[in-house]
Amino acid sequence: MRRPVVGVIGNAYRIENRFATQMVGERNLRAVADVAGALPLMFAGTPDITDIGALLDAVDGIVLTGARANVHPTRFRTEPDPRHEPYDLHRDDLALALSEVCVARGIPLFGICRGLQEMNVAFGGSLHPEIRDLPGRMNHRMPRLENGEIHPDPKVIFADRHEVSLVPDGAFARILGCEKIRVNSLHGQGILEPGERVVVEGTAEDGTIEAIRIADAPGFALGVQWHAEYDPQRNPINRALFQAFGEALTARKR
């Protein structure tokens with residue numbers, strides 16, 4: 001039996017601020033290949049290029065990765081603010097529709113950071129553009145130096161920053177075999193109100209939603225707010241998640 005194929009969504013990016021490209025972080029591809037045991041296949045995050053039906057005929061599962069751009073606020077009935085740019089409108093168009101179709105067809109779907117946010121919006125939920133502005137919330141953005149520049153050391157940027165409490169006997173607790181984990185944190189935007197079918201499975205110490213599943217999904221349909229793709233080769237929590245995703249891929253192929 002051939003290895004499962006996983007579609008990994010691309011992000012709009014400009015080289016030298018001139019040349020339009022689609023980009024996927026290599027850690028996402030390696031996590032799929034090394035830990036989920038699948039062949040990663042990048043697809044363009046724009047409906048002008050990527051037809052959902054043709055895509056899902058070619059792959060066994062989908063990963064919605066993290067990204068620099070925020071989901072556009074009009075997608076959850078909020079006015080946009082230039083402070084919360086950039087946006088990736090084409091990825092919004094594709095990812096929100098793709099989330100619904102994957103769940104409806106039982107195609108394994110794993111959302112990471114922005115991917116979790118897209119899953120929530122696809123099922124009617126809302127986001128807050130700057131979680132740290134809410135009362136009692138911590139700063140979930142990546143660490144910076146005193147001069148405001150992003151910290152140069154990836155080990156510092158992706159270090160575990162806070163705890164996540166998991167719902168007892170929930171999907172995540174069963175996969176991970178525990179109810180408390182520690183995760184990294186590199187996001188400004190986060191879930192404000194969960195969507196109609198979005199089940200909250202994990203929250204940070206400050207109440208920020210960190211893990212979700214889609215209720216009554218016939219297949220794997222989980223999302224995490226942290227960057228699980230960073231180190232699943234070494235991190236037992238992230239490894240278990242990608243392994244569970246891989247098992248779902250294999251089960252669907254059978």
Need one word for region 128-242: rounded, prolate or oblate. Basis is the Cα gyration tensor (sqrt eigenvalues a ≥ b ≥ c); a/c below 1.5 gives rounded, then a/b vs b/c decides. oblate
Where in region 41-82 are there trypsin sites (Lys or Arg not before Pro) that are in a DSSP coil and have at most 10 other Cβ atoms within 10 angstrom of their Cβ? Arg77
For the chain, what's the relative contact order in percent, using C-alpha pairs closer than 8 Å and at least 6 residues apart? 21 percent
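Work out the length of the dipole vector of the chain about its Cα centre, built from +1 on the beta-carbon of each Lys and Arg and -1 on the beta-carbon of each Asp and Glu, and round it to the nearest 20 debye.
It comes to approximately 680 debye.
If I take R0 = 51 Å and measure r between the Cβ atoms of Cys178 and Asp48 in this structure, what FRET efficiency does the formula 1/(1 + (r/R0)^6) give, to the nearest 0.05?
The formula returns an efficiency of 0.70 here.
Using 1/(1 + (r/R0)^6) with R0 = 22 angstrom and r between the beta carbons of Arg68 and Asn139, what's the FRET efficiency to the nearest 0.05? Walk me through the numbers on the way to the answer.
Values: r = 18 Å, r/R0 = 0.80.
So, using R0 = 22 Å, E works out to roughly 0.80.
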With a ≥ b ≥ c from the Cα gyration tensor eigenvalues, square-rooted, and the rule rounded for a/c under 1.5, otherwise prolate when a/b > b/c and oblate otherwise, the chain is rounded
With r defined as the distance between the Cβ atoms of Leu89 and Glu196 and R0 fixed at 25 Å, what FRET efficiency is calculated, to the nearest 0.05? 0.60
Only helical DSSP H runs with n ≥ 4 go in: add -39500 (n - 2.57) per run for the chain, normalise by residue count and round the 222 nm mean residue ellipticity to 500 deg cm²/dmol. -8000 deg cm²/dmol
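Decide, for region 3-66, between rounded, prolate and oblate: order the square roots of the alpha carbon gyration tensor eigenvalues as a ≥ b ≥ c, take rounded if a/c falls under 1.5, and otherwise choose prolate if a/b is larger than b/c, else oblate.
Details: a/c = 3.10, a/b = 1.36, b/c = 2.27.
Oblate, since a/c reaches 1.5 and b/c is not below a/b.
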For a quick check: with amide H placed at 1.01 Å from N, whose amide H comes under 5 Å from Ala67's, ignoring anything fewer than 5 positions away on the same chain? Arg114
Portion, in percent, of the accessible area of the chain that falls on carbon or sulfur, probe 1.4 Å: 49 percent
How large is the accessible surface per residue of the chain, computed with a 1.4 Å probe and reported in Å² as a whole number? 46 Å²
So what is Rg over Rh here for region 18-127, counting just Cα atoms and using Kirkwood for Rh? 0.96
With every protein chain left in place and a probe of 1.4 Å, what is the accessible surface of Cys113, to the nearest 10 Å²? 10 Å²
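When DSSP assigns beta bridges and you keep just the ones with both residues in region 95-254, what percent turn out antiparallel, to the nearest 5?
Among the beta bridges of region 95-254, antiparallel pairing accounts for roughly 85 percent.
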Loop-resident GluC sites (Glu not before Pro) in region 82-160 with no more than 10 other Cβ atoms inside 10 Å, DSSP not H/G/I/E/B, are Glu146, Glu149
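The values are calculated or read from the model by the stated rules, or taken from the named source; none is laboratory data. These numbers come from a predicted model, not from an experiment. We place every Cβ from the backbone using ideal geometry, glycine too, and count neighbours over all the protein chains shown. Accessible surface areas use protein heavy atoms only, side chains included; no ligands, DNA or RNA. Shrake-Rupley method; radii C 1.70, N 1.55, O 1.52, S 1.80 Å.
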